[in-house]
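The values are calculated or read from the model by the stated rules, or taken from the named source; none is laboratory data. The shown structure was predicted, so the numbers you read here are calculated from the model rather than taken from an experiment. Note: ideal-geometry Cβ built from the backbone for every residue, glycine included; neighbour counts use all protein chains shown. Side chains included, ligands, DNA and RNA excluded: accessible areas come from the protein's heavy atoms. Shrake-Rupley method; radii C 1.70, N 1.55, O 1.52, S 1.80 Å.
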Amino acid sequence: MKCAFCESLNTYELKKKTKLGYRQYHCRDCISQYNERSGTPYNFLHYPTDVVLLVVFYYYHFKNSLVDVTEHMALRGFSISHETVRLWSQQFGTEVGIQFRARRQGLCGKKWHMDITYLWVESRWCYCYRAIDKAGNLVDVYLSETRDKKAAEMFFKSCKSTTGIMPEQITTDKEKAFPAAIKKALGAEIKHHDSQYLNNVMEQHHRGIKSRCSVMKGFKDFFCALNFCYVFEEIRQFFRVNQHPLSERRGLIASKFQEFKNIMIAAA
């Protein structure tokens, strides 16, 4: 294994493993001793890497509060606090969200549906701008304290930057700020349909973030809310298997989780 400090290949494996069972190595060039997790944030944790991955997965994929996740892990024999769950979900969840966001570059369709929903943040309602393509795949999400032309324009610019795709058509409800924002952010040649009936698919798609946030009873910090929305939507999109029959989803979730683990380890 390559040295975690000088990247030399002149290394050998030690017979003794770490307390958590990870293999240890010694570098002949820089005379350093390291293990499989050296050079990553996981190396300073007193728990196996798989425990961290499960915590992040349980928190974002299921409708669990911080305390719920600690109880799930207690059933597996690991005693962790709700504050540990919060720190891990923010630190490692953010990194995997960034990775998923980069992997979606250029993969969504060119016909988008866009709408706004409400989230309770810092004892007030904030506005969550969300967009999906015709197939139901995530385009982008954006949390704003205001609901106006400027916020809509910022959202459409973010959609273009995130996906790297210029849409052909955007369907929204009859929000007055959208036509001017689309024209300024994306150009006048974009077809814009402002029909609440045609945009009912977005009302159904809002259920994911709305039902997940209802368990949390709102957010106490705007930045934490923004971070959670980004990571939750990216992980939700990654594990999206609605297009497959229910009988096939059980087999797909296992392979998806293994890929999820590999990406999280690589992201760190």
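Is it the case that ALA225 is of a type in the set (Gly, Ala, Ser), in a helix (DSSP H, G or I), on the phi < 0 side of the Ramachandran plot and open to solvent by less than 30 Å² (accessible area, probe 1.4 Å)?
Yes.
Quick check on ALA181: is it touching a Ser or Thr at 6+ places or on another chain (Cβ under 9 Å), crowded, with 16+ Cβ neighbours inside 10 Å and farther than 22 Å from ILE98 by Cβ?
no
Just to verify a result, which residue in the stretch 26-70, among those that are part of a helix (DSSP H, G or I) and polar (S, T, N, Q), is modelled with the lowest pLDDT?
The selected residue is ASN43.
Kindly evaluate LEU87 against the criterion of being open to solvent by less than 80 Å² (accessible area, probe 1.4 Å) and within 19 Å of the chain's Cα centre (by Cα).
No: the conditions fail for LEU87.
Out of (1) under 18 Å from GLU203 (Cα atoms); (2) in contact with a His (Cβ under 9 Å, 6 or more places away or on another chain), what's the single condition that is false for ILE182?
Answer for ILE182: the failing condition is (1).
Taking the condition of being part of a loop (DSSP other than H, G, I, E, B), open to solvent by less than 50 Å² (accessible area, probe 1.4 Å) and farther than 25 Å from GLU95 by Cβ, how many residues in the stretch 1-21 meet it?
Selection size over the stretch 1-21: 2.
Please verify whether the stretch 194-210 includes one or more residues that are within 25 Å of ARG124 (Cα to Cα), without any contact (Cβ under 8 Å) to a residue 60 or more places away in the chain and open to solvent by 70 Å² or more (accessible area, probe 1.4 Å).
Yes, because at least one residue in the stretch 194-210 is within 25 Å of ARG124 (Cα to Cα), without any contact (Cβ under 8 Å) to a residue 60 or more places away in the chain and open to solvent by 70 Å² or more (accessible area, probe 1.4 Å).
Could you give me the residue pairs with C-beta distances under 9 Å whose first residue belongs to the stretch 244-260 and is modelled with pLDDT under 80, whose second residue is open to solvent by 70 Å² or more (accessible area, probe 1.4 Å) wherever it lies, and which are 6+ apart or on separate chains?
Filtered contacts from the stretch 244-260: ARG249/ASN242.
Would you point out which residue out of GLN24, GLN33 is open to solvent by less than 40 Å² (accessible area, probe 1.4 Å) and touching a strand residue (DSSP E or B) at 6+ places or on another chain (Cβ under 9 Å)?
Selected residue: GLN24, the only one of GLN24, GLN33 that is open to solvent by less than 40 Å² (accessible area, probe 1.4 Å) and touching a strand residue (DSSP E or B) at 6+ places or on another chain (Cβ under 9 Å).
Take the conditions closer than 30 Å to THR40 by Cβ, crowded, with 16+ Cβ neighbours inside 10 Å and under 19 Å from the mean Cα position of the chain (by Cα) and apply them to GLY164. Does it pass?
The answer is no for GLY164.
Could we say that TYR118 is in contact with a strand residue (DSSP E or B) (Cβ under 6 Å, 6 or more places away or on another chain), among the aromatic types (Phe, Trp, Tyr) and open to solvent by 10 Å² or more (accessible area, probe 1.4 Å) here?
yes
Among the numbered criteria (1) open to solvent by 20 Å² or more (accessible area, probe 1.4 Å); (2) assigned to a helix (DSSP H, G or I); (3) under 23 Å from LEU119 (Cα atoms); (4) of a type in the set (D, E, K, R), which single criterion is violated by GLU233?
Every condition holds for GLU233 apart from (1).
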